[in-house]
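The values are calculated or read from the model by the stated rules, or taken from the named source; none is laboratory data. For clarity, every value in this text was computed on a predicted model and none was experimentally measured. No Cβ is skipped: glycine too gets one built from the backbone with ideal geometry, and neighbour counts run over all protein chains shown.
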Amino acid sequence: MESNRAPEDAEARRAVKPVVCYETDKLPPVDMPLYSRARQKLQLVAEYTAPARDACAFEVPAGHFFRIVSVDGSQVGDLNLWSAGNLQERFFSGKTRQLHATHVSTGDRLWSNLPHLRPLATITHDTLDWYGWDADGAGVHDVIGTRCDPYTNHALRGLDYHHCCHSNLTRALAEYKSISLAEAELHIHDVLNVFMCTGFSLDTHQYFMKASPVRLGDFIEFFAETDLLGALSACPGGDCGSSHSDDATACYPLRVEVYRSSSDELASWKPAEINGYDRTHGTPSKN
């Protein structure tokens, strides 16, 4: 493909100062000391299992904690979250990425889509927070990738594979809500890639994956900022160090654990409220 000749001021254009898009220090503060005190007294109230190459759905009441736990071999999971009472409100990976970073960890929040835009969950503990950024520019728990899906797999390979994360999540939601696959599929959305180690290649800037550093007993923990419905797929890529969207890689289950705090620290805590924008979008108010 023919490229255009660089203009004389090309280097000057490239040298302009980058500006971070959002002043996130203006967001409501995250009270991590409160969450830290509350999580010192946790009682397990529910457990769910996402089988290898499959998914599970689960509910978390507002004010509860939940963990995604590595219970066998190294395994990546794809997480969807919705407001429990409204499937139209769901996790917004793109805005979460803009407000935090390409990869999230303790203290970051998972935000919901427009017009709701509020925190659905806050990450309160991450046993892989030590990983940081490696020499390839990769990190853990990304909000970059969408989810492996049968449509892309068919486009690239001409094959119908039914245990991509998109299909796993669709089946789990359909079964949990007693709705059709066609209806459920419309609610499946871009994910938090739990435990997945990813980045962009330094030369071609392509999205890449590498074997996850997750090991037995590792977990990521969240605090539910409102009543949540979740679905978790144990990705067919296993640790995502080689392939996905096939049965070639060793895969393992993941467990979801839901906890209630027995501490009185949350007595004055209130669920996150829907965004306060008036939704007039520049037109005269009808009020």
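With respect to the numbered conditions (1) outside any helix (DSSP H, G or I); (2) without any contact (Cβ under 8 Å) to a residue 40 or more places away in the chain; (3) over 19 Å from Gln75 (Cα atoms), which one is the sole condition not fulfilled by Gly132?
For Gly132, the failing item is (3).
Which residue pairs have Cβ atoms under 8 Å apart, sit 6 or more places apart or on different chains, and have a first residue in region 47-65 that is among the basic types (Lys, Arg) and a second that is crowded, with 20+ Cβ neighbours inside 10 Å and not in a loop (DSSP other than H, G, I, E, B)?
The qualifying pairs are Arg53/Asn168; Arg53/Ala234.
Being within 16 Å of Val191 (Cα to Cα) and out of contact with any strand residue (DSSP E or B) (no Cβ under 8 Å at 6 or more places or on another chain) is the filter here; which residues of region 120-146 pass it?
Within region 120-146, just Thr146 meets the criteria.
If a residue must be in contact (Cβ under 8 Å) with a residue 24 or more places away in the chain and farther than 25 Å from Gln43 by Cβ, how many such residues does region 202-232 contain?
Residues that pass the stated criteria total 10.
Please note which strands (runs of 3 or more DSSP E) are completely contained in region 50-102 and include at least 2 residues that are in contact with a helix residue (DSSP H, G or I) (Cβ under 8 Å, 6 or more places away or on another chain).
55-60, 77-83
Which condition number does Asn275 fail, the rest of (1) over 21 Å from Ser112 (Cβ atoms); (2) touching a residue at least 60 places away in the same chain (Cβ under 8 Å) being met?
(1)
Take region 1-33 and flag every residue that is among the hydrophobic types (A, V, I, L, M, F, W, C) and not in a loop (DSSP other than H, G, I, E, B).
Scanning region 1-33 gives Ala10, Ala12, Met32.
Evaluate the following for Tyr252: is it surrounded by 12 or more Cβ atoms within 10 Å (Cβ to Cβ) and aromatic (Phe, Trp, Tyr)?
yes
Does Leu110 count as touching a Leu at 6+ places or on another chain (Cβ under 9 Å), aliphatic (A, V, I, L, M) and closer than 26 Å to His205 by Cα?
Considered against the rule, which asks whether it is touching a Leu at 6+ places or on another chain (Cβ under 9 Å), aliphatic (A, V, I, L, M) and closer than 26 Å to His205 by Cα, Leu110 comes out as yes.
So is Phe195 among the aromatic types (Phe, Trp, Tyr) and within 20 Å of Arg53 (Cα to Cα) or not?
It is true that Phe195 is among the aromatic types (Phe, Trp, Tyr) and within 20 Å of Arg53 (Cα to Cα).
Quick check, is Ser74 surrounded by 19 or more Cβ atoms within 10 Å (Cβ to Cβ) and either touching a His at 6+ places or on another chain (Cβ under 8 Å) or modelled with pLDDT under 95 (or both)? Lay out the reasoning, then the answer.
Numbers: surrounded by 19 or more Cβ atoms within 10 Å (Cβ to Cβ): yes; either touching a His at 6+ places or on another chain (Cβ under 8 Å) or modelled with pLDDT under 95 (or both): no.
It is false that Ser74 is surrounded by 19 or more Cβ atoms within 10 Å (Cβ to Cβ) and either touching a His at 6+ places or on another chain (Cβ under 8 Å) or modelled with pLDDT under 95 (or both).
Here are the criteria: (1) surrounded by 15 or more Cβ atoms within 10 Å (Cβ to Cβ); (2) farther than 29 Å from Cys165 by Cβ. Tell me which single one Asp54 does not satisfy.
Every condition holds for Asp54 apart from (2).
Of all the residues that make up region 100-118, how many are farther than 14 Å from Ala272 by Cβ, of a type in the set (A, V, I, L, M, F, W, C) and crowded, with 18+ Cβ neighbours inside 10 Å?
Going through region 100-118 one residue at a time, the tally reaches 1.
Give all pairs with beta carbons closer than 9 Å in which a residue from region 10-35 that is among the charged types (D, E, K, R) meets a residue that is surrounded by 10 or more Cβ atoms within 10 Å (Cβ to Cβ) and in a loop (DSSP other than H, G, I, E, B); count only pairs at least 6 apart in sequence or on separate chains.
Cβ pairs passing all conditions: Asp31/Trp269.
When the residues of region 147-172 are narrowed to those that are of a type in the set (Ser, Thr, Tyr) and in contact with a strand residue (DSSP E or B) (Cβ under 9 Å, 6 or more places away or on another chain), which ends up surrounded by the most Cβ atoms within 10 Å (Cβ to Cβ)?
This residue is Ser167.
Looking for something part of a helix (DSSP H, G or I), under 18 Å from the mean Cα position of the chain (by Cα) and farther than 30 Å from Leu42 by Cα - is there at least one such residue anywhere in region 140-157?
So in region 140-157, the residues part of a helix (DSSP H, G or I) come out as 150-157.
Those left that are additionally under 18 Å from the mean Cα position of the chain (by Cα): none.
Scanning region 140-157, I find no residue that is part of a helix (DSSP H, G or I), under 18 Å from the mean Cα position of the chain (by Cα) and farther than 30 Å from Leu42 by Cα, so the answer is no.
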